[in-house]
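The values are calculated or read from the model by the stated rules, or taken from the named source; none is laboratory data. Since the model is a prediction, treat every value here as computed from it, not as a measurement. Positions of Cβ are backbone-derived with ideal geometry, glycine not excepted, and every protein chain shown enters the neighbour counts. Please note that ligands, DNA and RNA were not included when accessible areas were found on the heavy atoms of the full protein model with its side chains. Shrake-Rupley method; radii C 1.70, N 1.55, O 1.52, S 1.80 Å.
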Amino acid sequence: MAFTAFSTGTATEQGPRKSSRIALLLLLPGVLYLMLFFLVPLVSLVITSLQAPLELGDIGQYQAAFRWENYATVIGQYGEQILRSFLYALLATIFALLFSYPLAYFIGVKARPWPLLQNLMLVLVIAPFFISFLLRTLAWKQILSDESPIVTGLKALSLLAPDAYITGTPIAVVFGLTYNFIPFMTLPLYAALERLDTRYLEAGSDLYAKPFTTFRTVTLALSMPGIVSGVLLTFIPAAGDYVNASRQFLGGSGTAMMGNVIESNFLVSLNYPAAASLSIILMAAILVLVTAYVRRSGTEDLL
Amino acid sequence: MNRPFPTDPVIRQLIVQAKRAQFSRRSVMSGAGLGAAALTLVACASGETEAPSPAKDNSASDKTLNWANWAAYIDEDDNGDYPTLLAFEEQTGIKVNYDVAVDDNNTYYGKVKDQLALGQDIGADLVCLTDWMVNRLIRFGYVQELDLASIPNSKNLTTSLQNPDFDPGRKYSLPWQGGFAGICWNKEKVPGGLTSVSDLWDPSLKGRVGVLSEMRDTIGLIMLENGVDISADWTADDFNAAIDVFTKQVDDGQIRNIKGNSYLEDLKSEDTLAAICWSGDITVINAEAGDKWEFAIPTNGATLWNDNFVIPIGSARKSNAEELINYYYQPEVAAEVAAWVNYITPVDGAKDAAMAIDPELAENQLIFPNEETLSNAFIFRGLDGQEESEYNAAFQAVLLGS
């Protein structure tokens, strides 16, 4: 090992100065791509978010301006929906983690002696992706509808009030978010746990640690990169999701999330500045939350 | 991903330097990018308020036509062909590409508005859109003026639709099909039935009521219930009074589902037992899922809407489009379409033609309404740009619970 490391070291010693132009050239497509498809839309979004309505203009007519009040207006008007988005996303992330961890642990650690079972279970986790996400969500809407066996059954067991319902409530939305993002949580967790060296666990018990202590100090600590990427992969899209909470799917008028507010302002009210400033707020809030989270969990190298 | 930082201090120093250089290079480049992007955007933004001019008509040399329409909105046979359209192609030699591209006025508008503003071809030479959207397109100059002389059959247009406030004299648009928005209910679960919009607010239906996410239908019906004539010059107070009723019913949990076309799913799954709905749909789901639902025009009146043919400003096949409109304004053809789609045809004489196909159909008040039925159906008056922004925002605020 030391030998190869040494040899590559000497090879690159003369390399850099000569190949720096080539490296730049190789970077060019990526940089151009980012400029064209990320930076330009982002700048256009910022410009739109600062537009002011055209005086005596028609619906959807705006002019270039520097109306930063747009941000204050949307926060005042949609503060509730903004907070709700992050709350739902947080709940969905926690539930997905609680559900996925034992599952990933079983597939990655317990099922190791039976590779066939391991592969089969992985396929089962990924299989839902073969069907459109919209169709699966619509199917849940049917399953949870008022006259469905689940709801009538819960009512018969008096677990649900006679006039209660599930679709169109926050429960349905958080359920939908959790369900839809479980694979994104399970796969990174599996990848981390699959590499877990079980000899560490044996060492833990040899040193008289209780099973829980071993789990906390060994398993959990070693699977932390998986948890962090799983949480990011779940939380970020869940906060911006507008399908589950939409009135057409599992939500109702009391469950609107930021994505729904942006959609309605953009497509129906044609209030482009409001939609743009909400998008930027969503982006900035996620960036801040994610940075704080990654800092706290001590895995800056992941970014 | 998770490579440990090297321990050798010299190497560490080198890495730190390299990172710094990388960073500054990146920030310089992004700075330049921002400037360039801002410049292009400013260039794009200038001169956008001018109305676009119509495209040159190439119909004489180009015998094709692209028609964008809604799903299940034309007669269809078992092979998925459209019999009336096939007959048109045979008669005129114009090849029609019928595209089910419209599933919502707003999303369709969102898709094509930038091209319309530039006067470009949107891939459709003929589109059927609802009154209020046509109103907006005409206001913005996004549609071409029709040459009624080349649509002689337009004389068959029923009198009550000849002078809508958004297009007096029908210079830019002609109706394709229309319908009522009224009330409907599940006959098994609500055996007593409903007669007025207020019956939807009955406590026994709490949480099982659905309304349409189309402002003009839902708020229109509530305004009618409040005794306002929605076709006349009502005021913002009349509108706000209806919004208040609507907000209260949503907040109280009486109204649970507010949807567009997908409200039929809720009727079928019985999440919704009573609803504000469109006339033609009820005929269709009764045929599909058992005769379970009934539609009625509320005592204080129903709303009446139409989807209209318009020729987008960038279309180079205007004459072909006019020829097609003319074809569908023949009573026999209109009757054939009406018999399949179950909506109201705007063509006079279609009822007599329908008698020949199916007398029972011709008596259906939801497809061939008589004077009495029509006297209780009202068209929501056209809104100007200011009103449209304001009322839309108020309605959307309720839908978002804000």
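Only residues that are open to solvent by less than 10 Å² (accessible area, probe 1.4 Å) and in a loop (DSSP other than H, G, I, E, B) were counted in the stretch B:126-143, giving 0.
A single member of A:A156, A:A161, A:A139 is surrounded by fewer than 17 Cβ atoms within 10 Å (Cβ to Cβ), at pLDDT below 90 and of a type in the set (G, A, S), and it is A:A161. Listed by first and then second residue, the pairs linking a residue in the stretch B:220-233 that is of a type in the set (D, E, K, R) to a residue that is open to solvent by less than 10 Å² (accessible area, probe 1.4 Å) and not in a loop (DSSP other than H, G, I, E, B), with Cβ atoms under 9 Å apart and 6 or more places separating them unless they lie on different chains, are B:E225/B:V197; B:E225/B:A242; B:D229/B:M223.
One residue stands out among those in the stretch B:393-402 that are assigned to a helix (DSSP H, G or I) and open to solvent by 10 Å² or more (accessible area, probe 1.4 Å): the one that is farthest from the other protein chains (Cβ to nearest Cβ), which is B:A394. In this structure, B:G193 does satisfy being over 23 Å from the mean Cα position of the chain (by Cα), in contact (Cβ under 8 Å) with a residue 60 or more places away in the chain and open to solvent by less than 60 Å² (accessible area, probe 1.4 Å).
Taking the stretch A:285-303 as the range and being modelled with pLDDT of 85 or more and exposed (fewer than 11 other Cβ atoms within 10 Å of the Cβ) as the test, the residues that pass are A:V288, A:A292.
The rows are residues; the columns are (1) crowded, with 22+ Cβ neighbours inside 10 Å; (2) over 23 Å from the mean Cα position of the chain (by Cα); (3) within 14 Å of another protein chain (Cβ to nearest Cβ).
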{"site": "B:T303", "(1), (2), (3)": "yes, no, no"}
{"site": "B:E323", "(1), (2), (3)": "no, yes, no"}
{"site": "B:W340", "(1), (2), (3)": "no, no, no"}
{"site": "B:Y343", "(1), (2), (3)": "yes, no, no"}
{"site": "B:V347", "(1), (2), (3)": "yes, no, no"}
{"site": "B:D352", "(1), (2), (3)": "no, yes, no"}
{"site": "B:P359", "(1), (2), (3)": "no, yes, no"}
{"site": "B:A362", "(1), (2), (3)": "no, yes, no"}
{"site": "B:E387", "(1), (2), (3)": "no, no, yes"}
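For B:K111, the conditions (1) within 14 Å of another protein chain (Cβ to nearest Cβ); (2) open to solvent by 70 Å² or more (accessible area, probe 1.4 Å); (3) in contact with a Phe, Trp or Tyr (Cβ under 8 Å, 6 or more places away or on another chain) are fulfilled apart from (3).
Looking at this structure, is A:S253 within 14 Å of another protein chain (Cβ to nearest Cβ), at pLDDT below 95 and part of a helix (DSSP H, G or I)? In short, no.
Condition check ((1) among the polar types (S, T, N, Q); (2) at pLDDT below 90; (3) out of contact with any Ser or Thr (no Cβ under 8 Å at 6 or more places or on another chain); (4) outside any loop (DSSP other than H, G, I, E, B)) across all residues:
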{"position": "A:E147", "(1), (2), (3), (4)": "no, yes, no, no"}
{"position": "A:T152", "(1), (2), (3), (4)": "yes, no, yes, yes"}
{"position": "A:G176", "(1), (2), (3), (4)": "no, no, no, yes"}
{"position": "A:F181", "(1), (2), (3), (4)": "no, no, no, yes"}
{"position": "A:M185", "(1), (2), (3), (4)": "no, no, no, yes"}
{"position": "A:P188", "(1), (2), (3), (4)": "no, no, no, yes"}
{"position": "A:L193", "(1), (2), (3), (4)": "no, no, no, yes"}
{"position": "A:A203", "(1), (2), (3), (4)": "no, no, yes, yes"}
{"position": "A:A245", "(1), (2), (3), (4)": "no, no, no, no"}
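Test B:F239 against the stated conditions and say whether it is within 14 Å of chain A (Cβ to nearest Cβ) and open to solvent by less than 10 Å² (accessible area, probe 1.4 Å). Spelling it out, it is not the case that B:F239 is within 14 Å of chain A (Cβ to nearest Cβ) and open to solvent by less than 10 Å² (accessible area, probe 1.4 Å). In the set B:A72, B:A38, only one residue is outside the structural domain of B:P312 (by TED's automatic domain parsing), surrounded by 13 or more Cβ atoms within 10 Å (Cβ to Cβ) and either modelled with pLDDT under 90 or not hydroxyl-bearing (S, T, Y) (or both); that residue is B:A38.
Take A:A238 and tell me if it is under 25 Å from B:S262 (Cα atoms) and away from chain B (no Cβ under 14 Å). Judged against the criteria, A:A238 is a match. Total residues in the stretch B:364-385 satisfying the condition of being over 20 Å from the mean Cα position of the chain (by Cα), crowded, with 19+ Cβ neighbours inside 10 Å and closer than 20 Å to B:N300 by Cβ: the figure is 1. Residues that are in contact with a Phe, Trp or Tyr (Cβ under 9 Å, 6 or more places away or on another chain), more than 30 Å from B:L212 (Cβ to Cβ) and not charged (D, E, K, R) occur in the stretch A:263-282; there is at least one. Count of the stretch A:189-235 residues, restricted to those that are β-branched (V, I, T), surrounded by 14 or more Cβ atoms within 10 Å (Cβ to Cβ) and touching a residue at least 24 places away in the same chain (Cβ under 8 Å), is 5.
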